Structures are given as C-alpha cells and as structure tokens.
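A.B. asks: Right, I'll just put the structure down here and ask away after.
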Amino acid sequence: MGRSGARAVLRLIAAQARMSALAALQYRLGFWTEGLLGALWSAIGVIPLLVATSYQETVAGWGPWELMAVTGLFMVFSGIFGALLQPALIESMEHIRRGSLDALLLRPVDALALCLTAAFSPWRLTEAAAGAALLVVALVKVGAAPDLWMIGAALVVIAAGIVGLYALGILALCASFLAMQLQNLTYLFDALLDFARWPSSVFRGPLKALFTFVVPFAVMTTMPAEALLGRLAAVDLGIAVVVAAGLLVIARRCWSASLRRYASAGG
Amino acid sequence: MSELVVRAEGLSKRFTVAHREAGLGAAVRALFRRQTTTVEAVRGLSLSIARGERVGFLGPNGAGKTTTLKMFAGLLLPSAGSVRVGGWTPHQREREFLRSISLVVGQKRQLSWDLPAVDTFELNRVIFEIEGRIFKQRLERLVSLLAAGSIIEKPVRQLSLGERMKCELIAALLHGPQVLFLDEPTIGMDVAMQAAIRGFIRTYNEEEGATVLLTSHYMEDVAALCPRIVVIDEGRLRFDGSIEALTREISPLRRISVSAARIPAAAALAALGRVVEWSPSRVTLDVAPEAVAAVVPALLAWPESRELSVKDAPLEEVMRALFSRAKTDEEEAG
C-alpha cells in the first residue's frame, strides 16, 4: 500500500469513527449506559490486582506483579477487541446476512477496511486505557526499567498481536459468508480471549502450541510482558512476527475467495 | 452508434439454493442432510447500452433483473460470459469503476439508520474523495431538485419511505456517477412521489448525460422514462427495443375509447372491433390498425359522441401477453 493508499485508509478510519461517535451520541441514555458499562468493565479487569496483592505465590514462574503486567496487556487487547473489532465484526456479519454488504462493496475503498471499521464502541476503550495504566503500575512494582530495545521489542510483538487478532476476526467474517448468523463466534472469541489473562507457560503441549501459533494469545500478552521484563528471546520475537504475517496472508486470501462467493440477498 | 457503456456477452449466473419442507422435523433433518438445487438466475444474456441511454429493464419476479444489475455493478461474479461497464470489468471492483457507477436498490439502504442523512453524505464525501466545493455544489443541486431541504437533517428512521428514497438518491449521486443502475426506485411510494422521482431521474440523465438502467414494477415509470426497454424472463432475453415496437409485436391492436349518449349493445359492436369494456355511456374497443381510419368516423357519428382516444394497449397488458406467449412457446417446444 502506497503513502496515498495509507492516507486514504486513515481518512476512512477517521470518518467511520466519526459516524460511530455520532451514533453513540444520538441516544443520550444509551451513551451514559455505555459509559457506565465501560467503567464497570475496567473495574472488573482490575479485580485480579486486588486478589493478587493478597497472595504472594507465583504462577508458572511469574510473580504477582509480573502476572499483573500480563493482566494489564490482556485488558489492552480485550479493550481493543471490544471497542474496535467485535462491534465491526457483528455489524459486518449482519451486512453479509441481510445483503446490505452491497452498499459497502460499491464504495471505492478496500471492502475489508470498510468492514473492519464498520462500527466502534468507544467506551470499551476505557478498558484498554485501564489496562495500560495497570501495566505501568505493575512494571514499577516489579522494578523493571525497560530500555529502548525492550520497549521496541514489546511494541513489535504488540503490533503482531493486534495483526493476529484482526486476522482471526477476518477469518470469522469469512466463515459468515458460508454460514449466516455467526455473530456468536465473536462472543466465543471474547470468551477464549480470557485465556490470554495467563502467561503462556501455564499451558503445556497442544494447548501451548494452539495459543502460540493458531490463536496467538501468547503473542498478544505473554510476549510483550516478557519483552518489557527483559526475558523475550529473539527467536520468540521472530515467531511472533511470522505467526502474525502468516495469519494475515491466510485471512486476506480467504477474504478474496469469500467475496467471489458472495451471493448478496434479495434478488 | 454512440459509445457503448454496458456490453454483456452470454452473461450467466447460477446460484446454489438450499431448500426444505415446512416443519420442525424437516428443519432438524436439514441440519444433517441439506437439499440444494442450482438456480439459473441469468442465462446467456447479451446486451449493449450506449452512453446517455435510459433503458427500462422489465420482467416478472425472479426473472433475473436484480441479479443482472448486481453483476453489472460488480457485486456478483458471473458464472459464465463477460460484462464490461464503462470499459471496466465490474467484478474486479477497480476504484475508478466504482467512482463511475451507482446502484440504488429501493428495498435496501446505505444511509445510517439512526443518524440524519447529512452524516452519511459527509461519510461518502470522504470515501469518494469529493472535493469540498464540488460536494457542496452537488449537494445543494440534488437537494433542490428533489425538494429535500427539510428532511436531510432528520434521523433517517423518522423519514417516510419516499423521503428516505430521496436521501438514498442524493447519497448515490453525490460522487457524480455516469452510469446509474436503479432497482425499483419508486417501490411502495405514492403517485406524487413516484412522479417526483421520475422527473428527477430524467433531469439527471439529461443534464449529466448519465446512462440509466432502470427496473420497476410500475409500468408508468418505464413508459414515462425509457425510450428503450429490455425484457427478460427466467434469465433469458425476450425483447430489446422501443415500447412501441414491443406493442406492435405483441399486441398490435389499437385501443379506442369513446363516450356517447347511448352506446349500442356489445354484440352490435363486433363488426368494429373486440369490446374490452362496455357501459351504456362509454366503450373501449381493440381495433386492427388498418381499420382505425374507418372505425373512428363511425364512432364519432354516434349521438353526442365525445372524448375519443386512440392508444396502444397498456404496457402491463402487453407484458402479460408477452410472458404468456413465451410460456406457450416453451410448452409447445418441450
């Protein structure tokens, strides 16, 4: 994608975000209810902090505040998923079911970009903000002082995690071309995401492989925490990038194939 | 001949459609063993449309009209054949192609349901990269043509069907498309609103030189707007030409209506033509074209003869005759 293409996508994201913000502001009661739920969501995410500070035991080699760093990263990803990806997937799946995807496909921009920005729930970003705050507190408590390399490595794996998250979302969207009414997939994904609360070393054998290569929760939360704590091996950094790129290629191909199969609706 | 904008050759589209019997048992069985059939929605359609033409696309429900429009707009990949629109292959969905066309479907919406239409217009301005000054000019002109000034700032869910369609048309035309595919744009509207939309489509076509392909169940739409009609049935092309040519081919009789002080009994009128409607004060006859010159003076000779009109058969009747003739031909061939 060229610079002008990237600018066009950024303009599109800004315009779609504006529409979602306007839609959120259209109904006053709904706006404040969403706000309350967003605050509640953030508070629930921090509860493990209170529990952990009352126990000093380690889990799979991770101390309580190190676990808090993982929890903070989990909240960042959960917030991004709930605010940006899940609403867009639900909206787009509904478009596919009803045939109203037609209106999106008639616009002269990447249809996938339109689908992935079809709706936002801005209040859920409070959870991501709370997660970022928790991560900082946890790093301070642990006494970690990440250098530029560690921060850079963390940012790379976080980016890889976001790419992986979106790739899985695109695959779910592709599945809805084959079978309608798959909105529940996004809730299943939401539930699965809960596994990302725990460091990947908690899991063994097939589960560890699953959460590293197929549903890469390890890339999203464990690896960034390891990077910030100075424990991430260079090979793991490579694995994170390769897994994310691989998932993205598969997702993009599935999307192209799905568009060719698209049968619209109503005539 | 002027430049061809739409060119389809042997265009076909097949769908695999699931079906099952009614009832819970059938629904449960379908979970494990689904029955499907292949439906040929469009079969070998060849068609050309020149720049600036207004073409009515007619056919009964399920004839393949909407499927054809969706292939022309790049939404559906043809199963066979080829189509070019404005020099582009539609299903490749090139940006310049999408900037040059618009598809408006009467029963679907692109407007955001909860927001005023102006917000969707603004989104389209960004997506279609319309320069601010041009956007403002076009919006003002479209709003003025459609008399939509008072409705574009109301939430879409609060608009009537006709008001919503006005806003849909504005949203679809803000980028200045040169090819317009309209699928039932006046469906469900009252007569006044239908006339307003028809007038608008004609003005847009004449002022912008845009090519218009229109489907409608309202024959008035087609008769008033389209010098050329294309008729398809069961996915096949049945007719391509003017309404007059279709009428001459299918129903060549002229329809003469006249009022008089006392209309003779229907049986006594058989020599003049076939009686379509009869009342003591008005009669309608179908008359062979070569007999019109003799029949008209005879009718005008009746006492207090007035309000005489000579017309072609209504398009709806012609279409019914066309489809029933096509069915009969198929049955005889089969």
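A.B. asks: Nearest 20 debye, what's the magnitude of the dipole of the protein assembly as shown about its Cα centre given +1 on Lys and Arg Cβ and -1 on Asp and Glu Cβ?
C.D. replies: For the protein assembly as shown, the charge dipole is close to 560 debye.
A.B. asks: Pick from A:224, A:108, A:64 the residue whose mean-square fluctuation is largest in a GNM of chain A, springs joining Cα atoms under 10 Å.
C.D. replies: Top of the fluctuation ranking is A:108.
A.B. asks: Determine by what factor the alpha-carbon radius of gyration of the range B:180-223 differs from 2.2 N^0.38 Å, reporting the quotient.
C.D. replies: Normalised Cα radius of gyration, the range B:180-223: 1.08.
A.B. asks: Moving to a separate point now. Would you mind counting up the charge near residue B:15? Only other residues with Cβ under 12 Å from its Cβ, with Lys and Arg at +1 and Asp and Glu at -1.
C.D. replies: Its environment carries a net charge of +3.
A.B. asks: Let me ask something additional. Compute, for the range A:126-242, the length of the dipole vector about the Cα centre, with Cβ point charges of +1 (Lys, Arg) and -1 (Asp, Glu) only. Units Debye, rounded to 20.
C.D. replies: With only Lys, Arg, Asp and Glu charged at Cβ, the dipole is about 220 debye.
A.B. asks: Let me ask something else. How much length would be gained if the chain were fully extended between residue B:35 and residue B:277, taking 0.36 nm per residue of separation minus their Cα-Cα distance, in nm to one decimal?
C.D. replies: Net length gain for the segment: 82.2 nm.
A.B. asks: OK, next. Classify the range B:192-265 as rounded, prolate or oblate, taking a ≥ b ≥ c as the square roots of the eigenvalues of its Cα gyration tensor: rounded when a/c is under 1.5, otherwise prolate if a/b is larger than b/c and oblate if not.
C.D. replies: Oblate, since a/c reaches 1.5 and b/c is not below a/b.
A.B. asks: Then there is this: Count the DSSP beta bridges whose two residues both fall in the protein assembly as shown, then state the antiparallel fraction as a percent rounded to the nearest 5.
C.D. replies: DSSP beta bridges in the protein assembly as shown are roughly 70 percent antiparallel.
A.B. asks: Residues of B:102-114, mean number of Cβ from any other protein chain within 10 Å of their own Cβ, rounded to a whole number?
C.D. replies: Mean shielding by partner chains, rounded to a whole number: 4.
A.B. asks: Based on DSSP H runs of at least 4 residues, each adding -39500 (n - 2.57), what is the mean residue ellipticity at 222 nm of chain B after dividing by all its residues, to the nearest 500 deg cm²/dmol?
C.D. replies: Roughly -11000 deg cm²/dmol at 222 nm, from the helical runs in chain B.
A.B. asks: OK, next. Apply 1/(1 + (r/R0)^6) to the Cβ-Cβ distance of residue B:244 and residue A:14, taking R0 = 45 Å, and write down the FRET efficiency to the nearest 0.05.
C.D. replies: The computed FRET efficiency comes out at 0.25.
A.B. asks: Give me the compactness ratio for chain B, meaning the Cα radius of gyration over 2.2 N^0.38 Å.
C.D. replies: Relative to the 2.2 N^0.38 Å estimate, chain B comes out at 1.20.
A.B. asks: Quick one: which residues, 5 or more positions from residue A:232 or on another chain, have an amide H under 5 Å from its amide H? H modelled 1.01 Å from N in the peptide plane, none for Pro or chain starts.
C.D. replies: Amide H neighbours of residue A:232: A:227.
A.B. asks: To two decimal places, what compactness ratio does chain A give when its Cα radius of gyration is scaled by 2.2 N^0.38 Å?
C.D. replies: For chain A, the normalised Cα radius of gyration is 1.05.
A.B. asks: Rank A:132, A:234, A:119 by mean-square fluctuation in a GNM of chain A with C-alpha springs under 10 angstrom and give only the top-ranked residue.
C.D. replies: It is A:234.
A.B. asks: Oh, and also: Short version: ³J(HN,Hα) in whole Hz for each residue of the range B:294-304, in order, from phi by Karplus 6.51 cos²θ - 1.76 cosθ + 1.60 (θ = phi - 60°), x for Gly and Pro, what are they?
C.D. replies: Whole-Hz 3J(HN,Hα) from phi for the range B:294-304: 8, 6, 4, x, 5, 5, 5, 7, 5, x, 6.
A.B. asks: Let me ask something additional. Would you grab the residues whose amide H sits under 5 Å from the one on residue B:313? Only those 5+ places off in sequence or on another chain, please, with H modelled 1.01 Å from N.
C.D. replies: Residues meeting the criterion, in which the H sits 1.01 Å from N, are B:255.
A.B. asks: Once phi is turned into ³J(HN,Hα) by the Karplus curve 6.51 cos²θ - 1.76 cosθ + 1.60 with θ = phi - 60°, what whole-Hz value does each residue of the range B:66-75 show in order, with x for glycine and proline?
C.D. replies: Each residue's phi maps through the Karplus curve to give 5, 4, 5, 4, 5, 6, 5, 8, x, 7 Hz.
A.B. asks: All other residues with a Cβ under 13 Å from the Cβ of residue B:3 taken together, and with Lys, Arg as +1 and Asp, Glu as -1, what is their net charge?
C.D. replies: That sum, taken over residues with Cβ under 13 Å, equals +2.
A.B. asks: While we're looking at this one, here's another question. Mind telling me which of A:124, A:253, A:28 comes out most flexible in a GNM of chain A, alpha-carbon contacts under 10 Å?
C.D. replies: A:28
A.B. asks: Please give the average number of partner chain Cβ atoms lying within 10 Å of the Cβ of each residue in A:98-105, rounded to a whole number.
C.D. replies: For peptide A:98-105, the averaged partner shielding equals 5.
A.B. asks: Please compute the modelled spin-label separation between residue B:18 and residue B:261, points set 7 Å along Cα→Cβ, answer in nm with one decimal.
C.D. replies: 7.3 nm
A.B. asks: I'd like the antiparallel share, as a percent to the nearest 5, of DSSP beta bridges with both residues in chain B.
C.D. replies: Around 70 percent antiparallel, to the nearest 5.
A.B. asks: By how many degrees, between 0 and 90 and to the nearest 10, does the Cα long axis of helix B:117-127 differ from the longest principal axis of chain B?
C.D. replies: Roughly 60 degrees, rounded to the nearest 10.
A.B. asks: In degrees between 0 and 90, to the nearest 10, how far off the longest principal axis of chain B does helix B:161-173 point, with axes built from Cα atoms?
C.D. replies: Relative to chain B, helix B:161-173 is tipped by roughly 60 degrees.
A.B. asks: Under the √(5λ) rule applied to the eigenvalues of the Cα gyration tensor, what semi-axes describe the equivalent ellipsoid of the range B:36-90? Give them in Å, descending.
C.D. replies: They are 20, 15, 9 Å, listed from largest to smallest.
A.B. asks: Just going by the charge dipole of the protein assembly as shown, with Lys and Arg at +1 and Asp and Glu at -1 on Cβ, which of B:17, B:216, A:256 is farthest out on the positive end?
C.D. replies: Looking along the dipole axis, the top candidate is A:256.
A.B. asks: Turning to a different aspect of this structure: What Cys residues in chain A have no fellow cysteine's beta-carbon under 4.7 angstrom?
C.D. replies: So, A:115.
A.B. asks: Lysines near residue B:166 by alpha-carbon distance under 16 Å, same-chain residues fewer than 8 away left out - which ones?
C.D. replies: By straight Cα distance, residue B:166 reaches B:108, B:154.
A.B. asks: Here's another thing I want to ask about it. If packing is taken as the average count of other Cβ atoms within 10 Å, what order do B:15-21, B:252-258, A:80-86 fall into, highest mean first?
C.D. replies: A:80-86, B:252-258, B:15-21
A.B. asks: What is the helix-to-structure angle for B:315-333, meaning the angle in degrees between its Cα long axis and the longest Cα principal axis of chain B, kept from 0 to 90 and rounded to the nearest 10?
C.D. replies: Compared with the principal axis, the helix lies near 90 degrees.
A.B. asks: Report, as an integer, the average count of C-beta atoms from other chains found within 10 Å of each Cβ along B:86-95.
C.D. replies: Rounded to a whole number, the mean comes out at 2.
A.B. asks: To the nearest 20 debye, what charge dipole does the range B:173-315 have about its Cα centre, counting +1 at the Cβ of each Lys and Arg and -1 at the Cβ of each Asp and Glu?
C.D. replies: Once rounded to the nearest 20, the dipole reads 600 debye.
A.B. asks: Could I ask something else about it? Can you work out D for the range B:1-127 in µm² s⁻¹ from Stokes-Einstein, where Rh is the Kirkwood radius over C-alpha pairs, the temperature is 20 °C and the viscosity is 1.002 mPa s?
C.D. replies: Result for D is 123 µm²/s.
A.B. asks: Hydropathy first: keep DSSP H helices in chain A averaging at least -0.5 on Kyte-Doolittle, then drop any whose Cα extent along the axis falls short of 15 Å, and list what survives.
C.D. replies: TM-like helix candidates: A:3-26, A:28-54, A:64-80, A:125-142, A:148-178, A:234-261.
FYI, it's all coordinate maths here, none of it is from the lab. Nothing here was measured: the structure is a model prediction, and the numbers come from that model. No Cβ is skipped: glycine too gets one built from the backbone with ideal geometry, and neighbour counts run over all protein chains shown.
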